[in-house]
Amino acid sequence: MEGVVVLFGTETGNAEDLAEELGATLGEAGFEAEVVDMEEAEPGLLDGSRAVVVCTATHGDGELPIYSQDFYEALEDERPDLGGVMYCVCGLGDSAYPDFCAGGRIWSAFLSELGARELVERYEIDGDPEEDDVEGACEWVLKAAGRFAALTEERR
Ligand SMILES: Cc1cc2nc3c(=O)[nH]c(=O)nc-3n(C[C@H](O)[C@H](O)[C@H](O)COP(=O)(O)O)c2cc1C
C-alpha cells in the first residue's frame, strides 16, 4: 500500500478541512494517508517514502499562512535533496487579492527547486471551498496518487 502525507497550511481552517477530505478520499482508495499540520511538521517527513500533497492557503500579502512559515524556513535552512520526492500542491486563495494563490505557487516552486517531482499540475480554489471545489480536489488528488503508485511500481 502506497503512503501519502497531506500537509496543510492554514489560518482559518479551510485548508485543514480540505486536507482532511483529501486524506479520507485517499484512504478510501487504498492509500495510507496521514494528514499533518505544517505547524507540527518536520523536514524529515519529506523522505521520499511517501507522496507529498501540499494543501495551503495564502495570507497577508501573498504570503504563506503564519503557522506554516517555520516549517518552510526549516526546509530553507536545511535545503534537503528532494530528488526522490513526488508531490502535488493544492492552493487556496481568493482572486479578490492581487497575489492569487501565491502560497501554492511558493510551495510548487520551492519543492521543485529542491529537486522534487510534481505529479500533476497545481489545483487552485478561489474563495471558501464549495462542494464542487472539494469534489474537484478529490479527483485531482486521486489522479496524483495514481501517478505516484504507477511511478513507484516502475522503479521497483
Ligand atoms: C487577511 C487575509 C489575507 C489574504 N491574502 C490573500 C492573498 O494574498 N492571496 C490570495 O489568493 N488569497 C488571500 N486570502 C484568502 C485566503 O487564502 C482564503 O480565504 C483561504 O480559503 C483561507 O484558507 P484558510 O482558512 O485555510 O486559512 C487572504 C485572506 C485573508 C483573511
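With bins 10 Å wide starting at 0, give me the P(r) of region 1-92 over every alpha carbon pair, in whole percents. P(r) over region 1-92, rounded to whole percents: 18, 51, 28, 3.
At a 1.4 Å probe, what is the % contribution of carbon and sulfur to the accessible area of region 3-155? Intermediate values should be presented prior to the final figure.
Numbers: 2990 of 7290 Å².
Carbon and sulfur together cover 41 percent of it.
Of the whole protein surface, residue 10 contributes about 20 Å² of accessible area at a 1.4 Å probe radius. Taken along the Cα-to-beta-carbon direction at a fixed 7 Å, the label points for residue 135 and residue 150 span 2.4 nm. For the residues 125, 106, 66, a GNM of the chain with alpha-carbon springs under 10 Å puts the largest fluctuation on 66.
Once fully extended, how much extra length lies between residue 12 and residue 99, figured as 0.36 nm per residue of separation less the alpha-carbon to alpha-carbon distance? Please list the in-between numbers first.
Working: separation 87, 0.36 × 87 = 31.32 nm, distance 1.83 nm.
Roughly 29.5 nm would be gained on extension.
Mean sequence separation of contacting Cα pairs (under 8 Å, at least six apart), scaled by the length of the chain, corresponds to a relative contact order of 24 percent.
Which GluC sites (Glu not before Pro) in region 81-133 sit in a loop by DSSP (not H, G, I, E or B) and have at most 15 other Cβ atoms within 10 Å of their own Cβ?
121, 130
Model label sites at residue 122 and residue 81, defined 7 Å from Cα along the beta-carbon direction, differ in position by 2.7 nm.
In whole angstrom, region 3-155 maps to an equivalent ellipsoid with semi-axes of 22, 19, 13, each derived as √(5λ) from the alpha carbon gyration tensor and ordered largest first.
Any idea of the accessible area per residue across the chain, 1.4 Å probe, to the nearest Å²?
Working: 7660 Å² over 156 residues.
Per-residue value: 49 Å².
The values are calculated or read from the model by the stated rules, or taken from the named source; none is laboratory data. Everything quoted here is computed from the prediction, not taken from an experiment. Methodologically, a virtual Cβ is constructed for each residue, glycine included, from the backbone with ideal geometry; neighbour enumeration extends over all protein chains shown. Ligands, DNA and RNA are excluded from the accessible area calculation, which covers all protein heavy atoms including side chains. Shrake-Rupley method; radii C 1.70, N 1.55, O 1.52, S 1.80 Å.
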